[in-house]
1. Within segment 51-65, can you find the residues that are open to solvent by 10 Å² or more (accessible area, probe 1.4 Å) and either of a type in the set (A, V, I, L, M, F, W, C) or at pLDDT 80 or above (or both)?
2. Of the conditions (1) over 19 Å from the mean Cα position of the chain (by Cα); (2) in a helix (DSSP H, G or I); (3) not small (G, A, S), K323 satisfies every one except a single condition; which number is it?
3. Failed condition for G269, given (1) open to solvent by less than 50 Å² (accessible area, probe 1.4 Å); (2) of a type in the set (G, A, S); (3) modelled with pLDDT under 85, with all others met?
4. Could you tell me how many of the residues in segment 323-347 are within 30 Å of K420 (Cβ to Cβ) and either among the hydrophobic types (A, V, I, L, M, F, W, C) or out of contact with any helix residue (DSSP H, G or I) (no Cβ under 8 Å at 6 or more places or on another chain) (or both)?
5. Please list, ordered by first then second residue, the pairs with beta carbon atoms under 9 Å, 6 or more apart or interchain, first in segment 359-372 and under 13 Å from G317 (Cβ atoms), second among the polar types (S, T, N, Q) and open to solvent by 10 Å² or more (accessible area, probe 1.4 Å).
6. Under the condition of being outside any helix (DSSP H, G or I) and of a type outside the set (S, T, Y), which residue from segment 86-142 is most open to solvent (accessible area, probe 1.4 Å)?
7. If you check every pair at least six apart or on different chains, which have Cβ atoms under 7 Å apart with a residue in segment 133-144 that is of a type in the set (S, T, Y) first and a residue that is assigned to a loop (DSSP other than H, G, I, E, B) second?
8. Being under 27 Å from F164 (Cβ atoms), under 16 Å from the mean Cα position of the chain (by Cα) and in the same structural domain as A147 (by the TED database) narrows it down to one of I75, I44, I55, I27, so name that one.
Amino acid sequence: TAPAMAPPGPPDGGWGWVVVFGAFISIGFAYAFPKGLAIFFKEIQDFFGTSYSEIAWVSSIMLATTYGAGPISSILVNRYGSRPVVMFGGLLCGIGMVSAAFCTSILQLYICVGFITGFGLALNLQPSVIIIGKYFLKRRPIANGLAMAGSPVMLCTLAPLNQFLFDNFGWRGSFLILGAILLNCCVAGALFRPIGAATASVKTQAIEEGKAALKEEVTKDAMEMSSPMHIPTETKMEEEEGKDCCEKINQYLDFSLFKHRGFLIYLIGNVLMFLGFFAPIVFLAPYAKHIGIDEYSAAFLLSILAIVDMIARPTTGIIANSKWVRPRIQYFFSFSIAFNGTCHLLCPLASGYTGLVVYSIFFGLAFGMVCAMLFETLMDLVGAARFTSAVGLVTIAECCTILLGPPIGGTLIDTFGDYKYMFIKCGAVMVLAGTFLFIMNYYNYRMLAKEEKERKAKEEDPKSVRTENEVRNNWNKETTQDGPELEPLREEQEGLKKEVNGT
């Protein structure tokens, strides 16, 4: 345990690896489960006598709920911590799938599988990503890469398992068994031990209270300074009441992130990227069947993709953690998105099965690279402290394009009767997103370096006698714009300072 004096920092190992294992399981289920369910669709469709598009909405609703419930998940994590949220999520997943086994209409399936299980998966996904940031700093890209590898491993396992369950127990029996399997998320959640629980004595509570008081004072000062002119106290009192509600929301979801340059660049690039991210996976097997390849070989393409993806994620994590790539990880992320797009643009050239196998290998590599760095790059931009809110805001924005991506691809296939336009659309969108992120991150790095230079010049200049307000202003600026990697260190120093002052 950490000494009682300093607030516990990221241990970068130890129990952290057990947490990574827990995150591996819950992230794996959250990503792979909606894709693995497709095996049962044909039978359910015949059973209820519905069209293919009606049944496809089950997966779409599930994915959209998993992403759209991001902010709710973030708020709950900020309020209760990662462990209870994941355990509750696992319970919801189990309940959703077990109740789905007794459904008598497609609408009930939408509710049980789409909304209840989807919401349970949302409560699994985010806390798992967030807690890794609390346990790791130096080795965080590796930890993120390993945890994200849960998705392809689960996809490889779930696809044959679902087929086996279906052959032996039918879709209702399979849903019951899958509900029981999803309860393993509760076990994964139980591994998420809150950091520093052992040292959370009365003393740390006092420190926390002191911190909160100091924070309030600073934000108050900042608010007063940022207001165009000093508002007389009477009007201020009236405004306080109105502010209460907004402040409560802001306490759990930090909307000031929309003023953060790096966060906005990431958000725009990602929303654009997701228009072309999932569609090629959804349509890969149907495309193979369309050009006359048998069903098992077509399904094998997805296995190839998942196996390459499995190796690519941890490897990307290790590369991203190297001293050459880590400081410029945003460029590496931009490159992997553009690389992804290039694969899709070249896919229509692949004639025959061998061509598609080559495409699957490259696609698996590119897909794994993007997934491994998806959250790492966001954490690198906003820092671990604001990451919880950032994930919530990003996922709700992505939810729309995730829901729209595959249907747009499907419409293109229906319109032209050919799959190549769908691949070209996805490729073009992703190359565009990668290029946008590359250019804007170059600009962001330049601006950050410039601001750092200005700040150093101010500090070194002995003539500039700074007023107290200026110092405070700078302090605010530093906390929002410093390299996020320094944030935990800064928090530690502040903790020590307050400890010395006897807060």
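1. Keep residues of segment 51-65 that are open to solvent by 10 Å² or more (accessible area, probe 1.4 Å), which gives 51-54, 56-57, 59-61, 63-65.
Hits for segment 51-65 are A56, W57, I61, L63, A64, T65.
2. The number of the failed condition is (2).
3. Only one criterion in (1) open to solvent by less than 50 Å² (accessible area, probe 1.4 Å); (2) of a type in the set (G, A, S); (3) modelled with pLDDT under 85 is unmet by G269, namely (3).
4. Let us first name the residues in segment 323-347 that are within 30 Å of K420 (Cβ to Cβ), namely 332-347.
Now narrow it down to the ones that are either among the hydrophobic types (A, V, I, L, M, F, W, C) or out of contact with any helix residue (DSSP H, G or I) (no Cβ under 8 Å at 6 or more places or on another chain) (or both): 332-333, 335, 337-339, 343, 345-347.
Qualifying residue count for the region: 10.
5. Listed by first residue and then by second, the contacts come to G368/T315; M369/T315; A372/T315.
6. Kept after step one, since they are outside any helix (DSSP H, G or I), are these residues of segment 86-142: 101-105, 136-139.
Now narrow it down to the ones that are of a type outside the set (S, T, Y): 101-103, 136-139.
Details: A101: 4, F102: 138, C103: 3, F136: 1, L137: 30, K138: 153, R139: 105 Å².
It comes out as K138.
7. Qualifying pairs under 7 Å: Y135/P10; Y135/P11; Y135/I195.
8. On the way: I75 fails: under 27 Å from F164 (Cβ atoms); I44 fails: under 16 Å from the mean Cα position of the chain (by Cα); I55 fails: under 16 Å from the mean Cα position of the chain (by Cα).
Testing whether each residue is under 27 Å from F164 (Cβ atoms), under 16 Å from the mean Cα position of the chain (by Cα) and in the same structural domain as A147 (by the TED database) leaves just I27.
The values are calculated or read from the model by the stated rules, or taken from the named source; none is laboratory data. The model shown is predicted, which means the values in this text are computed figures rather than measured ones. Glycine also receives a Cβ, built like all others from the backbone with ideal geometry; neighbour counts cover every protein chain displayed. Note: areas computed on protein heavy atoms with side chains; ligands, DNA, RNA excluded. Shrake-Rupley method; radii C 1.70, N 1.55, O 1.52, S 1.80 Å.
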